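The values are calculated or read from the model by the stated rules, or taken from the named source; none is laboratory data. What you are looking at is a predicted structure, and each value in this text was computed from that prediction instead of being measured. Heads up, the Cβs are rebuilt from the backbone with ideal geometry, glycines too, and the neighbour counts pull from every protein chain shown. Only protein heavy atoms, including side chains, enter the accessible area calculation; ligands, DNA and RNA are left aside. Shrake-Rupley method; radii C 1.70, N 1.55, O 1.52, S 1.80 Å.
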Number of protein chains: 6
Amino acid sequence: MRLLLVNPNTSPGLTERMASVARSVASAGVEIDALTAHRGFPYVASRAEADIAAAIVLEMLSEHAPGYHAAIVGAFGDPGLAGARELLPIPVVGLAEAAMLSACMLGSRFAILTFSSTLVPWYRDCVGRNGLGGRCAGVFVAGGGFTTIDNVQAEMAERIVEAAQGVIAEAEADVVVFGGAPLAGLAERVKERIPVPVVDCVAAAVKQAEALVALRPRKAVAGSFRRPPGKPSTGLAEPLASLIAGTR
Amino acid sequence: MRLLLVNPNTSPGLTERMASVARSVASAGVEIDALTAHRGFPYVASRAEADIAAAIVLEMLSEHAPGYHAAIVGAFGDPGLAGARELLPIPVVGLAEAAMLSACMLGSRFAILTFSSTLVPWYRDCVGRNGLGGRCAGVFVAGGGFTTIDNVQAEMAERIVEAAQGVIAEAEADVVVFGGAPLAGLAERVKERIPVPVVDCVAAAVKQAEALVALRPRKAVAGSFRRPPGKPSTGLAEPLASLIAGTR
Amino acid sequence: MRLLLVNPNTSPGLTERMASVARSVASAGVEIDALTAHRGFPYVASRAEADIAAAIVLEMLSEHAPGYHAAIVGAFGDPGLAGARELLPIPVVGLAEAAMLSACMLGSRFAILTFSSTLVPWYRDCVGRNGLGGRCAGVFVAGGGFTTIDNVQAEMAERIVEAAQGVIAEAEADVVVFGGAPLAGLAERVKERIPVPVVDCVAAAVKQAEALVALRPRKAVAGSFRRPPGKPSTGLAEPLASLIAGTR
Amino acid sequence: MRLLLVNPNTSPGLTERMASVARSVASAGVEIDALTAHRGFPYVASRAEADIAAAIVLEMLSEHAPGYHAAIVGAFGDPGLAGARELLPIPVVGLAEAAMLSACMLGSRFAILTFSSTLVPWYRDCVGRNGLGGRCAGVFVAGGGFTTIDNVQAEMAERIVEAAQGVIAEAEADVVVFGGAPLAGLAERVKERIPVPVVDCVAAAVKQAEALVALRPRKAVAGSFRRPPGKPSTGLAEPLASLIAGTR
Amino acid sequence: MRLLLVNPNTSPGLTERMASVARSVASAGVEIDALTAHRGFPYVASRAEADIAAAIVLEMLSEHAPGYHAAIVGAFGDPGLAGARELLPIPVVGLAEAAMLSACMLGSRFAILTFSSTLVPWYRDCVGRNGLGGRCAGVFVAGGGFTTIDNVQAEMAERIVEAAQGVIAEAEADVVVFGGAPLAGLAERVKERIPVPVVDCVAAAVKQAEALVALRPRKAVAGSFRRPPGKPSTGLAEPLASLIAGTR
Amino acid sequence: MRLLLVNPNTSPGLTERMASVARSVASAGVEIDALTAHRGFPYVASRAEADIAAAIVLEMLSEHAPGYHAAIVGAFGDPGLAGARELLPIPVVGLAEAAMLSACMLGSRFAILTFSSTLVPWYRDCVGRNGLGGRCAGVFVAGGGFTTIDNVQAEMAERIVEAAQGVIAEAEADVVVFGGAPLAGLAERVKERIPVPVVDCVAAAVKQAEALVALRPRKAVAGSFRRPPGKPSTGLAEPLASLIAGTR
């Protein structure tokens, strides 16, 4: 089984971090490739950046998905996920979606904990878009700050553990989801210090991608995720243009 | 007062249609400019296309919004609206949002009626994103088909009137919203044949943009619509890159 | 365009305050008349008082609305609004409804801030009745008190500004609505001290009334806001009795 | 125990019908008085009429409730109920509320069945106001018509039974509530012909009023149903004016 | 009228406490029998225990309900209530359901207050299962602890009163429900020290059971609470086996 | 990895069917054991039967789960799932939960399709309990009937395919979940005849169990799924009694 993880951020360090966690949880025989965006932002955070990232995700997947059994959108918030699910014949999962749905099997209410307050509205919108508002105890931020996106995990690990402990008590959460690609791999390192299960979004996405591939779902030819009718376009990256045109 | 309407579709006929309706309802002294996208699709319909349109809306607004008092996203479904609201110092409204909120003042439950089943999931998502599910009697489609996007209104007017009559009875709607830029102007022509108020999305957007300008709201410097911190980017159209970078 | 604002409170000072704000935001050519209730309360606050105010609104509108293009119910909480919308052939808007819907175009979540805890349940019911619970960050009260209803704004302005600042941080609101006719005009004066957009309910109602008039909606003859069949009555004020009887 | 049923309609026949059903289900030792409104409508149906009826309910209760252990608002839709609950020291129940809550103990989902389509929006609003939308399978109307409000039951009984049978199958209802005072007493007569429990709204209200009296709840002096602070008024019926003034 | 209260806990002291309160509020002529479970737990608290208690409730009712006019499930959380309602021809009510629905007639929002944090998730699930989330201000716990289940009330009364006072202010509750059989009878003793109505769950259940009996509902033969088709079983207590088999 | 599937039904044919599907989708190195209940019903269907099945699930898991890495509750409707999750140190998944959450990654709205109308209320309750009402297009039943539970799939396959086709069109579903253990394996056989992805509940449960094991979540020691404090009991099967007592 071959899985493709596309990082819509332009930070290769983030891609490496995600790829490393992804490979560490992948089943035997699962090969994972990870790609970094050539255009966009070092790290997507606001709604506007997420809009642009969605288009970038579609560009990356239209060019590189052929030959893979499933794809992972490597940004919590899942930019472009629904559109990719329309266009591609293979399963596509998002970090946030996979983490939240996995968390639903570990308790009644999950809290999302992240590292920057700028991310909160986007993540909160994502919870609502998934219809999971009734399961979510809130989106929380560990205080303090960080120097660079590659340093988030090293610098903030302690504060995230402390924040998780507080959130569980105050928000009555049964599970904590660490939200954001820069936190990939942290859950495994600190989970014994947090008194409820902690979900790593990259690990969850890999396992959910594997699960969907194993379920061998057919591509919809009806319903709202059937492939849209072919359509001409102007000024789009070629692979995306031809995918949407239906010429391949 | 100067309003900018950006059409994220590449069809100039659609832009003209919207501009014409917009000017017909604008208050005295309101000047309306309308722009057609240089890249993208003749007519955005699917979720994937909407993702791309959102980025195009941001490109258009970052380049052209300076000097205007408010902007209108000229596609029902409101691609890029929330992101634009983060980035720009002026009010921004969407066709769907403006039409739905206006409809809320004309009855308890509104139905959205459109011309192509491909649009339904996108419009339904938009209702949910606005938290208006409890006010919406459903998203409905007039049957049959059309030859080109510019001909939708001429060819489908009768079927839309008939569908509206049916929807009111079956879905217990108090108001009908005609959803989709190609229907701009139709409401005024057929409203006497439909037994409840009909909302034209372009007309509603113009009046709501005027209303917001008159309210003179300040740009948020707190909350989730404050302008995000400046951020570098790669490969974006220049005006958008510099807007997001915070260098203008 | 002629707009009628009916104040269901018996305080002429309140009517003058609302009229003054209304005229200050009205478009050129819009004439606004404002009437004070002859019976009722100096200031409606509880659910019981709101029930009585609803009947008073209907009495006032049935007598005075003829000749106007739209009417405004001049009490936050919107007593009698839905009933008036059934009976009258012209658009009718309420202060709360107009303010909340306008706020929805300025952010994801609005907070309502008012000056007396007695008002909170009524306002909260109003949010729910509008199906906007998912958009409302809460109904909040500035502490302290006031001497008379005409003095609310002068005495409480500072405390309201402080409360607004607190609410934005704690309730994660993107917009603040100043709820209550006695606060009309305050938003414009203090908005630069509050870090998110502030909506003035009277200003919003005027602009929404203008917008609806411009949309030229037909009076429903189907759906739940068609005019109810004529009905005899006993002991009602004459204009209301004849309007409900269908004899005019 | 003494219960007061106020009929906000001016039809004495309706009062008699309700009183008769009420007495037939009352426990031993429970005395029931029923009053007919002196002003208002023969039968309240629309939102506007309900607004006026709410004020009438408050007038009737403020004058006559002293000396009773509990009161019943004798109109499905419960005009004035929340306001009465604020003002009075005794329990007050409404026909709709009591019937819906009783129905909740007989199944998961109840359907409301009534005799005139004019009533549907009011009843639907009432379901929402009670937060019971998730338990309600819908508000339905038996077809055909009737000559006078006193004849509704005689003329429509068969059609209501047939409609109930249809509603149970189509709307997947576990219980049927007969909505509207003119249907009082019908449930007992036809219940064996309807395959799920049928709730009579007047019978339910009497039993719920008895239940509340037996629970001996104190009058709230905090929370949103504490008695509002005394307030002057102009032009109100004297007993209501003095109750609201706090002078008795 | 004969009512059967089954206590799915094995503590006879609890049964006596509930029986005593039940008899103190029962109408003249209502006879109440109370049974203690022979198997199970001294006091059901967790979800797992509630699952087991549900089966025990069905065992107890299948054996003992014949001859009674209605039955009461004597545990807040209402284990087995829906199943019992399917199987039995008589009305069955639960402590939580009856208390919550009664509370709905005394205010807009009720808070549940209990004596052990272990109970909170179960009670919260129960609120959701009843579709009353919109009416519930929260499930709260009085601090401290207790020695034995029979001593809860004596040891915790003061702390419960204090907690109630705090909850009303903070959670904006109009009514307080004392949740849990060990608190039966406490409401009557302390109600004057709590500024909103307090609902005793056992008293509420008795009055609701009486109310349902008086309404004389038929047993459903359609809808989701019709008696399920007879079914063989293995290893069940005989009365339950034969009830489910349909052989009696 | 060793997974335990407990079938709370007493039909060994059903266990074999589930085990066969489970093994067919399991990853290399995953060993699956399946157990049939010794007491209970051939096939659980009603709410009452589900209550009893929940207790049986806890009995089976308390006896047999030691030594396994995760457990699967082998009945759609997930009896005893939440309780098992409290008690056991390993992940536990249910057929319905796993199927619904998997379906959420294949489209916006899933429909559940089953083979007997008796199952519908239980399944619908299960959707609500999971907070997934906003994602579920409905619970539907294929018409006709079947002779024995072991023959359901053979006899009803054609009618289920036809019903699925109808449901997709009418209920606007993006995904279909085949609900009920007797349908295990059917999805794979018929999926090409159904125009949207079809989820097999047993296959989904196996893959989700594998995913959770791979995520290596810790057992909660806080939150509402921490293991409840040890508690004595009477008359329970020994392994369950000692698990709940905390003596092992």
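One table, with the values for the structure above:
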{"read-out": "Checking C:ALA211 against (1) buried (at least 19 other Cβ atoms within 10 Å of the Cβ); (2) without any contact (Cβ under 8 Å) to a residue 12 or more places away in the chain; (3) over 22 Å from D:ARG124 (Cα atoms); (4) facing chain D (nearest Cβ under 10 Å), the condition it does not meet", "value": "(4)"}
{"read-out": "Checklist (1) closer than 24 Å to A:PRO229 by Cβ; (2) touching a strand residue (DSSP E or B) at 6+ places or on another chain (Cβ under 6 Å); (3) modelled with pLDDT of 95 or more; (4) within 14 Å of chain A (Cβ to nearest Cβ) applied to B:SER117, failing item", "value": "(3)"}
{"read-out": "Verdict on B:ARG129 being over 20 Å from C:ARG129 (Cα atoms) and open to solvent by 10 Å² or more (accessible area, probe 1.4 Å)", "value": "no"}
{"read-out": "Checklist (1) within 11 Å of chain E (Cβ to nearest Cβ); (2) loosely packed, with under 15 Cβ neighbours inside 10 Å applied to F:SER20, failing item", "value": "(1)"}
{"read-out": "Qualifying residue in segment D:177-186 (condition: of a type in the set (Phe, Trp, Tyr) and crowded, with 20+ Cβ neighbours inside 10 Å)", "value": "yes"}
{"read-out": "Test: residue in segment F:228-235 that is touching a residue at least 40 places away in the same chain (Cβ under 8 Å), over 22 Å from the mean Cα position of the chain (by Cα) and over 22 Å from F:ASP33 (Cα atoms)", "value": "yes"}
{"read-out": "Residue under evaluation E:MET156, criteria (1) within 13 Å of chain D (Cβ to nearest Cβ); (2) at pLDDT 95 or above, criterion not met", "value": "(1)"}
{"read-out": "Residue, most open to solvent (accessible area, probe 1.4 Å), within segment A:74-96, restricted to residues that are touching a residue at least 60 places away in the same chain (Cβ under 8 Å) and of a type in the set (D, E, K, R)", "value": "A:ARG85"}
{"read-out": "All positions within segment C:146-172 that are free of Cβ contacts under 8 Å to residues at least 40 places away in the same chain, over 13 Å from C:THR114 (Cβ atoms) and not polar (S, T, N, Q)", "value": "C:ALA154, C:GLU155, C:ALA157, C:GLU158, C:VAL161, C:GLU162, C:GLY166, C:ALA169, C:GLU170"}
{"read-out": "Selection from segment A:105-116 of residues that are of a type in the set (A, V, I, L, M, F, W, C), open to solvent by less than 10 Å² (accessible area, probe 1.4 Å) and touching a residue at least 60 places away in the same chain (Cβ under 8 Å)", "value": "A:PHE110, A:ALA111, A:ILE112, A:LEU113, A:PHE115"}
{"read-out": "Odd one out for B:ARG218, checked against (1) outside any loop (DSSP other than H, G, I, E, B); (2) at the interface with another protein chain (Cβ under 7 Å from one of its Cβ atoms)", "value": "(1)"}
{"read-out": "Count of segment F:25-36 residues which are within 13 Å of another protein chain (Cβ to nearest Cβ) and in contact with a helix residue (DSSP H, G or I) (Cβ under 8 Å, 6 or more places away or on another chain)", "value": "5"}
{"read-out": "Breaking point among (1) over 20 Å from F:SER11 (Cβ atoms); (2) in contact with a helix residue (DSSP H, G or I) (Cβ under 8 Å, 6 or more places away or on another chain); (3) within 14 Å of chain A (Cβ to nearest Cβ); (4) in contact (Cβ under 8 Å) with a residue 40 or more places away in the chain, for F:VAL139", "value": "(3)"}
{"read-out": "Test result for D:VAL176, within 7 Å of another protein chain (Cβ to nearest Cβ) and modelled with pLDDT of 95 or more", "value": "no"}
{"read-out": "Single unsatisfied condition, E:ALA169 versus (1) within 30 Å of D:VAL190 (Cα to Cα); (2) more than 14 Å from chain F (Cβ to nearest Cβ); (3) out of contact with any strand residue (DSSP E or B) (no Cβ under 7 Å at 6 or more places or on another chain)", "value": "(1)"}
{"read-out": "Looking only at segment B:1-56, and only at residues there that are under 16 Å from A:PRO228 (Cβ atoms) and hydroxyl-bearing (Ser, Thr, Tyr), the one that is farthest from the chain's Cα centre (by Cα)", "value": "B:SER46"}
{"read-out": "Unmet requirement for A:VAL190, which otherwise passes all of (1) more than 19 Å from A:SER102 (Cα to Cα); (2) free of Cβ contacts under 8 Å to residues at least 60 places away in the same chain; (3) surrounded by fewer than 19 Cβ atoms within 10 Å (Cβ to Cβ)", "value": "(1)"}
{"read-out": "Any hit, segment F:197-214, residues being acidic (Asp, Glu), in a loop (DSSP other than H, G, I, E, B) and either within 17 Å of F:MET100 (Cβ to Cβ) or at pLDDT below 95 (or both)", "value": "no"}
{"read-out": "Residue tally, condition free of Cβ contacts under 8 Å to residues at least 12 places away in the same chain and part of a loop (DSSP other than H, G, I, E, B), over segment E:11-35", "value": "1"}
{"read-out": "Whichever residue in segment B:214-242 is crowded, with 24+ Cβ neighbours inside 10 Å and not small (Gly, Ala, Ser) and, among such residues, is farthest from C:PRO195 (Cα to Cα)", "value": "B:LEU215"}
{"read-out": "Unmet criterion (only one of (1) closer than 18 Å to B:GLY180 by Cα; (2) open to solvent by less than 10 Å² (accessible area, probe 1.4 Å); (3) outside any strand (DSSP E or B); (4) in contact with a Ser or Thr (Cβ under 9 Å, 6 or more places away or on another chain)) for B:SER62", "value": "(1)"}
{"read-out": "Residue in segment D:62-69 that is within 12 Å of another protein chain (Cβ to nearest Cβ) and either basic (Lys, Arg) or out of contact with any Pro (no Cβ under 8 Å at 6 or more places or on another chain) (or both) present", "value": "no"}
{"read-out": "Residue within segment A:176-183 that is farther than 24 Å from A:PRO42 by Cβ, in contact (Cβ under 8 Å) with a residue 60 or more places away in the chain and outside the structural domain of A:ILE90 (by TED's automatic domain parsing) present", "value": "yes"}
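Condition check ((1) touching a helix residue (DSSP H, G or I) at 6+ places or on another chain (Cβ under 6 Å); (2) in contact (Cβ under 8 Å) with a residue 60 or more places away in the chain; (3) within 13 Å of A:ALA55 (Cα to Cα); (4) open to solvent by 30 Å² or more (accessible area, probe 1.4 Å)) across all residues:
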residue	(1), (2), (3), (4)
B:HIS38	no, no, no, yes
B:ALA50	yes, yes, yes, no
B:ALA55	yes, no, yes, no
B:LEU58	yes, yes, yes, no
B:HIS69	yes, yes, no, yes
B:ILE72	yes, yes, no, no
